[in-house]
1. For Leu63, all conditions in the list (1) under 20 Å from Leu18 (Cα atoms); (2) without any contact (Cβ under 8 Å) to a residue 12 or more places away in the chain hold save one; what is the number of the exception?
2. Filter the range 38-51 down to residues that are modelled with pLDDT under 90 and surrounded by 12 or more Cβ atoms within 10 Å (Cβ to Cβ), then give me how many there are.
3. Within the range 70-88, can one find any residue that is outside any helix (DSSP H, G or I) and among the hydrophobic types (A, V, I, L, M, F, W, C)?
4. Any idea which of Ala3, Ala25, Ala11 is within 30 Å of Arg90 (Cα to Cα), surrounded by 12 or more Cβ atoms within 10 Å (Cβ to Cβ) and at pLDDT below 95?
Amino acid sequence: MSAEDLLYDSAASAVWVLVLATLPALLPALAIGLVIGLIQAATSVQEQTLTFVPNLVGVFLALMLFGGITGGLLVDFTREIAAAIPQMAR
């Protein structure tokens, strides 16, 4: 495998790790925001601070639940990149 191929594979892997690392925080925020937006539209209550606290709690809980998995994913990716550096330098 050439250095260019290894670099492209590493970049593609980095994007995939980025997506997997951010999904546990983004999905609950999206779902909570959608539900609260629907409730606000149905009740005609347009208070902007109403969405902040539930989103904050939801993201916090998701990060508490999936933080270890996300951390392990990032550590594994960092180890793979560090191991590939000598091959990229050739």
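The values are calculated or read from the model by the stated rules, or taken from the named source; none is laboratory data. Just so it is clear, the structure is predicted and the values come from calculations on it, not from any experiment. Because the Cβ atoms are built from the backbone with ideal geometry, glycine has one as well, and the counts that use them run over all protein chains shown.
1. Condition not satisfied by Leu63: (2).
2. Total satisfying the criteria: 3.
3. Initial filter on the range 70-88 (outside any helix (DSSP H, G or I)): none.
The answer is no, given that none of the residues of the range 70-88 is outside any helix (DSSP H, G or I) and among the hydrophobic types (A, V, I, L, M, F, W, C).
4. Details: Ala25 fails: within 30 Å of Arg90 (Cα to Cα); Ala11 fails: surrounded by 12 or more Cβ atoms within 10 Å (Cβ to Cβ).
So the residue among Ala3, Ala25, Ala11 that is within 30 Å of Arg90 (Cα to Cα), surrounded by 12 or more Cβ atoms within 10 Å (Cβ to Cβ) and at pLDDT below 95 is Ala3.
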